[in-house]
1. Under the condition of being in contact with a Phe, Trp or Tyr (Cβ under 8 Å, 6 or more places away or on another chain) and either surrounded by 18 or more Cβ atoms within 10 Å (Cβ to Cβ) or in a loop (DSSP other than H, G, I, E, B) (or both), which residue from region 109-127 is modelled with the highest pLDDT?
2. Please pick out the residue among K147, K193 that is outside any strand (DSSP E or B), not β-branched (V, I, T) and not assigned by TED's automatic domain parsing to the domain that holds K119.
3. Residue check: is N116 free of Cβ contacts under 8 Å to residues at least 12 places away in the same chain and farther than 13 Å from L54 by Cα?
4. Condition first: of a type in the set (S, T, Y) and in contact with a Cys (Cβ under 8 Å, 6 or more places away or on another chain). Now tell me which residues in region 67-92 satisfy that.
5. Looking at region 99-144, which of its residues are within 13 Å of A42 (Cα to Cα) and of a type in the set (S, T, N, Q)?
6. Could you check, for region 18-38, whether at least one of its residues is outside any strand (DSSP E or B), at pLDDT below 95 and under 24 Å from D128 (Cβ atoms)?
7. Restricting attention to region 169-187, and to residues there that are acidic (D, E) and under 16 Å from K133 (Cα atoms), which single residue is nearest to the chain's Cα centre (by Cα)?
8. In region 79-97, is there at least one residue being among the basic types (K, R) and outside any loop (DSSP other than H, G, I, E, B)?
Amino acid sequence: MKNLLSFVLVIVTIAAVCYGVYKYLLPQDNKTEYQQDFGTSAENITISASLLNLEVKEGDSFAVEYEGSEKLCPECTYDENSKTFSIIQPEYKPKKRQISDENELTVYIPRNAEINVFKLVNAIGDTDLGHLKAKEVKLVIDLGSVKSEKIETGKLRVEANLGDVKIDECSCKDIDIVANLGNVEIGVDGDIKNYSIGASASLGDIEIGSDKYSNNYVQTGSEGSIKIKCSLGNVKIK
């Protein structure tokens with residue numbers, strides 16, 4: 001027993017030392033703020049992030065506001081030829097210095113903007129899409145939650161590795177969501193009975209409207225297609 005306690009004490013001590021080195025001895029990253037306006041002509045939005053909390057809001061033009069790590073301040077550009085508004089954050093490298101994990105980015109989109117593709121890839125961070133309109137929406141989130149008040153799109157694709165997905169209202173005829181660890185909740189536009197639905201929850205419950213099922217649920221309909229696959233978590237479609 002003494003040997004075991006000694007071993008545990010050694011591990012705890014090493015962990016404490018490592019944390020102290022990381023917290024107090026590694027170079028501290030500076031904080032920064034960044035704002036830029038990109039006009040009203042964008043037709044595509046592409047965001048690639050490594051450590052970022054994202055919020056989408058309505059604005060008068062395409063614009064960004066960032067507050068957080070200077071080293072992880074994203075590069076924001078607009079390509080006139082492809083009409084693409086791109087936001088790319090540097091790779092997160094925690095071993096080199098202590099990086100702030102409180103990185104906040106707000107993206108403003110004009111109310112009447114006609115977006116073809118909205119694509120977001122984020123390694124770590126929460127996402128709030130607000131009321132988002134685009135012909136196609138693609139979301140790939142490794143670690144973090146996704147929520148939206150409303151999404152209006154022709155095609156919605158979501159890959160969430162670790163985190164909940166919650167869309168209060170989704171006006172879409174083609175929905176495909178894959179969640180490995182986390183709950184999925186989505187409200188559809190129209191009568192849910194008219195949709196083709198394929199939902200599975202390997203370790204979780206399924207709720208369609210007011211009815212509950214376990215593991216798998218399938219129905220046919222002509223209004224649109226909803227596919228949700230959840231490995232560990234609950235699925236709710238309302």
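The values are calculated or read from the model by the stated rules, or taken from the named source; none is laboratory data. Owing to the predicted nature of the structure, the values given are computational and were not obtained by experimental measurement. We place every Cβ from the backbone using ideal geometry, glycine too, and count neighbours over all the protein chains shown.
1. Initial filter on region 109-127 (in contact with a Phe, Trp or Tyr (Cβ under 8 Å, 6 or more places away or on another chain)): 109-110, 113, 123-124.
With either surrounded by 18 or more Cβ atoms within 10 Å (Cβ to Cβ) or in a loop (DSSP other than H, G, I, E, B) (or both) added as a condition, the list becomes 109, 113, 123-124.
On the way: I109: 98, A113: 95, A123: 95, I124: 94.
Selected residue: I109.
2. Values: K147 fails: outside any strand (DSSP E or B).
Going through K147, K193 in turn, just one is outside any strand (DSSP E or B), not β-branched (V, I, T) and not assigned by TED's automatic domain parsing to the domain that holds K119: K193.
3. On the way: free of Cβ contacts under 8 Å to residues at least 12 places away in the same chain: no; farther than 13 Å from L54 by Cα: yes.
No; evaluated as a whole, the condition is false for this residue.
4. In the first step, residues of region 67-92 are kept if they are of a type in the set (S, T, Y); the result is 69, 77-78, 82, 84, 86, 92.
Listed by number, the list holds a single entry, S86.
5. N112, N116
6. We begin by selecting, within region 18-38, every residue outside any strand (DSSP E or B); these are 18-27, 29-30, 38.
Then drop every residue that is not at pLDDT below 95, which leaves 18-27, 29-30, 38.
Within this subset, residues satisfying the condition of being under 24 Å from D128 (Cβ atoms) are 38.
Yes: one or more hits.
7. Within region 169-187, the subset acidic (D, E) is 169, 174, 176, 185.
Keeping just the survivors that are under 16 Å from K133 (Cα atoms) gives 169, 174.
Numbers: E169: 16, D174: 19 Å.
Result: E169.
8. Step one: list which residues in region 79-97 are among the basic types (K, R), which gives 83, 93, 95-97.
Right, trim to outside any loop (DSSP other than H, G, I, E, B) and you get none.
No.
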